[in-house]
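So the structure is just underneath, and the comments pick up after that.
Any read-out appearing in this document is the output of simple, stated calculations on the displayed coordinates, not a laboratory observation. Just so it is clear, the structure is predicted and the values come from calculations on it, not from any experiment. All Cβ positions, glycine included, derive from the backbone under ideal geometry; neighbour counts span all protein chains shown.
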Amino acid sequence: MHYLDQILASPALPALAKLVLAIIAGSVIGYERYQNGHPAGQRTFALICMTSTILTISLAPGTYADLMEQPGTGGSRVIQGILQGIGFIGAGVIVRDGLTIKGLTSAASVWLVSAIGILIGTSEYFLAISGTVLATLILLTFKRIYPFNSRRSFAIIEAVFATGAFPTEEIVRARLKGYGFQVTRISFKGMKTNEMQIKADVWADKDAAQARALLALDFLKDPDVEDFSIEQIGE
């Protein structure tokens, strides 16, 4: 019983509890990212959150605000260093694929769990738990709201027209508009084979998938179109 009292009175037990809480908080947020196949999974988020807690757990018993007001403790410098250093990990999960940028939500989530780890390490449990719960709700619910919102779907359309079949810009715009596309930019490129390549950046806000499919069928049947591609971007 004496040893149990010593263990319970030891400062190591609250520190261990903070580490466990940090692992749980990071795992909860990382689970959604992992389940949806996004960069940085459950283990990564748990490690980031725990590391932030480790680095702040022994600074001082005060709150985050107290640490920021006591430069002599070095607490503010450590916290600022964590938030700056986590940017390198966040940048690593951002991927650019053509005109599409992926991983921004994962990068923001990485930054968030580092902040949650800092809050746990400085004993701000209410903010840490509230942030974990709200972040999980945002990741789980906001994605389900998207289908009910009117959202523009962007695409890049490229087509190579046969020799002598050179449509004007007005004809191309009218043809794309007939399928529900709005043209934001269009360019023409001539080839030495006397073929003409047309590239158009377009968007549609209703039935975009069906519009792309119908346009593809139209190009397939058109004898003047020798080659084409329709690439969805930004989603």
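A few comments on the model shown:
- Radius 14 Å from Cβ of residue 166, net charge of other residues (Lys, Arg +1; Asp, Glu -1): -4
- In the frame of its principal axes, region 153-233 has Cα extents of 37, 24, 21 Å, reported largest first.
- Taking other residues whose beta carbon is less than 15 angstrom from the beta carbon of residue 45, and scoring Lys, Arg as +1 and Asp, Glu as -1, yields +1.
- Inter-site label distance for residue 162 and residue 83 at 7 Å from Cα along Cβ, in nm: 6.3
- Net charge of the neighbourhood of residue 197, taken over other residues with C-beta under 9 Å away and scored Lys/Arg +1, Asp/Glu -1, is -1.
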